[in-house]
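Participant: I'd like to ask you about the structure that follows.
The values are calculated or read from the model by the stated rules, or taken from the named source; none is laboratory data. All values derive from a computational prediction rather than experimental measurement. FYI the Cβ positions are ideal-geometry reconstructions off the backbone, even for glycines, and counts take in every protein chain you see.
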Amino acid sequence: MKNIAHQFIIVLLLLFVTGSSKQIVPQQAEECKRERLRTAEPGTCLHPDAYRVLKAIEKIEGNPFENKRNRRVINLVEPRVYKVIDTIVRSDSLIVPLRIYYPDKKSTSEVYPIIFYIHGGAFMYGNIEQYDMLAKKICRTTKAIVSSVEYRLAPAHPYPAAINDSYCALNWVAENAERIGGHEEGVYVMGSSAGGNIATVLTLKSRDFKGPKIAGQILFYPPTTFLETEFPSRLNFFRDSLRSYMLTEELCRKCKKNYLGTYTNYSDPYISPAEAALSSDLPSALIFTAQCDPLRDDGRIYAELLMAAGVDVSYIESKGMIHGYLSFYLILKEARRSLLKCREYIHTHSELSPSLPSYP
């Protein structure tokens, strides 16, 4: 599996720029009867659009950001925001890059919610630049100020480097929230895939060390335990002989080895938040999983554990979707609908002043 940020660009080129004549149509009930959409899990099938994404990914080679023609296409389709600021967070020996996005002119003068976004990439790939388009899309859709953190990557920097960097940056954002344009108690953590794992850990660290008060957690298909638990989604989608679903068992084992290094306490709650002692004082959660994703049950189980602990949780399983689907928002309508759900969640749970932007 290559970086999802790279995959998104080339899939876009393959499906749109090259003039594909296929029409994207909504999933109908009879689609599940198509053999090509069937999965190894009985009663589950891929959405036709997700199937097209997987087929296009099979043709991916190279880094799209290294091609000048592709870069021009990227410049045409990337979401526009009002303002972008790059800064550096320094604390003790840490130096953490941070990029801040403002959705509109009002967000530079009025109090807006802040999303602290943590990118995915199996703890080994990705940076601010590669997730710039997605961060801008999140910013535009949610009408929130977005701060995107660039944490150190494994294997050069194994656990807990990514956690330390992200927690350092989160503290800085909370402490400087008013200067950024928000409020210290109006910061939401949001993470996708590996970033979703880090986001859950940040809520635990903030609770345990009396850190920033997090307004809410928004998780997209998070891995929540490094234990070798045989969840149905892992068994079915890792071992499907027909195709892989963005993630392979081999990649996940490589991720585990590189991220943890010599550390072998897989039950450590700051590695496997599903093994943590959860409590009702954790922030409310909006958790998205993809139905055709080996990590689906990681997210589902974590949602159930949070609910059992007394946390307010909204859980959404996106039918027929694949791991990383949010990054393909230009192709997958479900990704755009999910971002609108994030916008609704932030508005509903916000305790900020009435100067917040209106949400339709």
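Participant: Report yes if some residue within the range 143-151 is polar (S, T, N, Q), crowded, with 21+ Cβ neighbours inside 10 Å, modelled with pLDDT of 95 or more and touching a Phe, Trp or Tyr at 6+ places or on another chain (Cβ under 9 Å); otherwise report no. Can you show your working first?
Facilitator: Of the range 143-151, the ones polar (S, T, N, Q) are 147-148.
Now restrict to residues that are crowded, with 21+ Cβ neighbours inside 10 Å: 147-148.
Applying the additional criterion that residues be modelled with pLDDT of 95 or more yields 147-148.
Imposing the further condition that a residue be touching a Phe, Trp or Tyr at 6+ places or on another chain (Cβ under 9 Å) reduces the set to 147-148.
Among the residues of the range 143-151, at least one is polar (S, T, N, Q), crowded, with 21+ Cβ neighbours inside 10 Å, modelled with pLDDT of 95 or more and touching a Phe, Trp or Tyr at 6+ places or on another chain (Cβ under 9 Å), which makes the answer yes.
Participant: Looking at the range 281-308, which of the residues that are of a type in the set (A, V, I, L, M, F, W, C) and under 13 Å from the mean Cα position of the chain (by Cα) is nearest to residue 248 (Cα to Cα)?
Facilitator: Selected residue: 295.
Participant: So, one more: State all residues of the range 128-161 that are under 14 Å from residue 190 (Cα atoms) and of a type in the set (A, V, I, L, M, F, W, C); if no residue qualifies, say none.
Facilitator: Correct list: 134, 135, 138, 139, 144, 145, 146, 149.
Participant: In addition: Would you check if there is a residue in the range 323-332 being within 22 Å of residue 226 (Cβ to Cβ), in contact with a Leu (Cβ under 8 Å, 6 or more places away or on another chain) and β-branched (Val, Ile, Thr)?
Facilitator: Within the range 323-332, not a single residue is within 22 Å of residue 226 (Cβ to Cβ), in contact with a Leu (Cβ under 8 Å, 6 or more places away or on another chain) and β-branched (Val, Ile, Thr).
Participant: I've got another one for you. Select the helices (runs of 4 or more DSSP H) contained entirely in the range 151-209, then report the ones holding at least 3 residues which are more than 17 Å from residue 96 (Cβ to Cβ) and of a type in the set (S, T, N, Q). It would help to see each step written out before you state the result.
Facilitator: Values: elements: 161-175, 177-180, 194-208.
Qualifying helices (runs of 4 or more DSSP H): 194-208.
Participant: Among the residues of the range 288-320, write down those that are out of contact with any His (no Cβ under 9 Å at 6 or more places or on another chain) and either outside the structural domain of residue 200 (by TED's automatic domain parsing) or acidic (Asp, Glu) (or both).
Facilitator: Answer for the range 288-320, where residues must be out of contact with any His (no Cβ under 9 Å at 6 or more places or on another chain) and either outside the structural domain of residue 200 (by TED's automatic domain parsing) or acidic (Asp, Glu) (or both): 297, 298, 304, 317.
Participant: Applying the selection to the range 210-225, what residues are touching a Lys or Arg at 6+ places or on another chain (Cβ under 8 Å) and buried (at least 24 other Cβ atoms within 10 Å of the Cβ)?
Facilitator: If the condition is that a residue be touching a Lys or Arg at 6+ places or on another chain (Cβ under 8 Å) and buried (at least 24 other Cβ atoms within 10 Å of the Cβ), then 221 is the only one that fits.
Participant: Right, next: Checking the conditions here, which among 264, 348, 289 is part of a strand (DSSP E or B) and either among the polar types (S, T, N, Q) or touching a Phe, Trp or Tyr at 6+ places or on another chain (Cβ under 7 Å) (or both)?
Facilitator: 289 is the lone residue from the list that is part of a strand (DSSP E or B) and either among the polar types (S, T, N, Q) or touching a Phe, Trp or Tyr at 6+ places or on another chain (Cβ under 7 Å) (or both).
Participant: Output the qualifying pairs, or none if there are none: Cβ atoms under 6 angstrom, residues six or more apart or on different chains, first residue in the range 173-192 and in the same structural domain as residue 107 (by TED's automatic domain parsing) and in contact (Cβ under 8 Å) with a residue 40 or more places away in the chain, second residue in a loop (DSSP other than H, G, I, E, B) and of a type in the set (A, V, I, L, M).
Facilitator: These pairs meet every condition: 183/111; 183/352; 186/352.
Participant: Name the one entry in 272, 280 that is crowded, with 19+ Cβ neighbours inside 10 Å and either assigned by TED's automatic domain parsing to the domain that holds residue 172 or hydrophobic (A, V, I, L, M, F, W, C) (or both).
Facilitator: Matching residue, one of 272, 280: 272.
Participant: Given (1) closer than 21 Å to residue 232 by Cα; (2) among the polar types (S, T, N, Q); (3) buried (at least 23 other Cβ atoms within 10 Å of the Cβ), where does residue 327 come up short, assuming only one miss?
Facilitator: (1)
Participant: Additional query: Answer yes or no: is there a residue in the range 171-189 that is of a type outside the set (Phe, Trp, Tyr), under 30 Å from residue 41 (Cβ atoms), surrounded by 15 or more Cβ atoms within 10 Å (Cβ to Cβ) and at pLDDT 95 or above.
Facilitator: Step one: of the range 171-189, the residues of a type outside the set (Phe, Trp, Tyr) are 171, 173-187, 189.
Still in the running and under 30 Å from residue 41 (Cβ atoms): none.
There is no residue in the range 171-189 that is of a type outside the set (Phe, Trp, Tyr), under 30 Å from residue 41 (Cβ atoms), surrounded by 15 or more Cβ atoms within 10 Å (Cβ to Cβ) and at pLDDT 95 or above.
Participant: Taking the condition of being part of a helix (DSSP H, G or I) and surrounded by fewer than 23 Cβ atoms within 10 Å (Cβ to Cβ), how many residues in the range 123-134 meet it? Even if it seems obvious, please write down each step before you answer.
Facilitator: Initial filter on the range 123-134 (part of a helix (DSSP H, G or I)): 132-134.
Then drop every residue that is not surrounded by fewer than 23 Cβ atoms within 10 Å (Cβ to Cβ), which leaves 132-133.
Qualifying residue count for the region: 2.
Participant: Quick one: which of 294, 360, 354 is in a loop (DSSP other than H, G, I, E, B) and modelled with pLDDT of 95 or more? First the steps, then the outcome.
Facilitator: Working: 360 fails: modelled with pLDDT of 95 or more; 354 fails: modelled with pLDDT of 95 or more.
294 is the lone residue from the list that is in a loop (DSSP other than H, G, I, E, B) and modelled with pLDDT of 95 or more.
Participant: For residues in the range 228-247 being assigned to a loop (DSSP other than H, G, I, E, B) and of a type outside the set (Asp, Glu), which is nearest to residue 298 (Cα to Cα)?
Facilitator: Restricting to residues being assigned to a loop (DSSP other than H, G, I, E, B) and of a type outside the set (Asp, Glu), the top hit is 231.
Participant: Would you be able to tell me the number of residues in the range 206-221 that are among the acidic types (Asp, Glu) and either under 21 Å from the mean Cα position of the chain (by Cα) or closer than 23 Å to residue 289 by Cβ (or both)? Write out each step before concluding.
Facilitator: Of the residues in the range 206-221, the ones among the acidic types (Asp, Glu) are 208.
With the extra rule that they be either under 21 Å from the mean Cα position of the chain (by Cα) or closer than 23 Å to residue 289 by Cβ (or both), the set shrinks to none.
Number of matching residues: 0.
Participant: Can you name the condition, by its number, that residue 250 falls short on among (1) at pLDDT 95 or above; (2) over 22 Å from residue 303 (Cα atoms); (3) outside any loop (DSSP other than H, G, I, E, B)?
Facilitator: With (1) at pLDDT 95 or above; (2) over 22 Å from residue 303 (Cα atoms); (3) outside any loop (DSSP other than H, G, I, E, B) applied to residue 250, the lone miss is (1).
Participant: Could we say that residue 95 is exposed (fewer than 15 other Cβ atoms within 10 Å of the Cβ), within 23 Å of residue 169 (Cα to Cα), modelled with pLDDT of 90 or more and in the same structural domain as residue 174 (by TED's automatic domain parsing) here? Talk me through it step by step, then tell me what you get.
Facilitator: Values: exposed (fewer than 15 other Cβ atoms within 10 Å of the Cβ): yes; within 23 Å of residue 169 (Cα to Cα): yes; modelled with pLDDT of 90 or more: yes; in the same structural domain as residue 174 (by TED's automatic domain parsing): yes.
Yes, satisfied.
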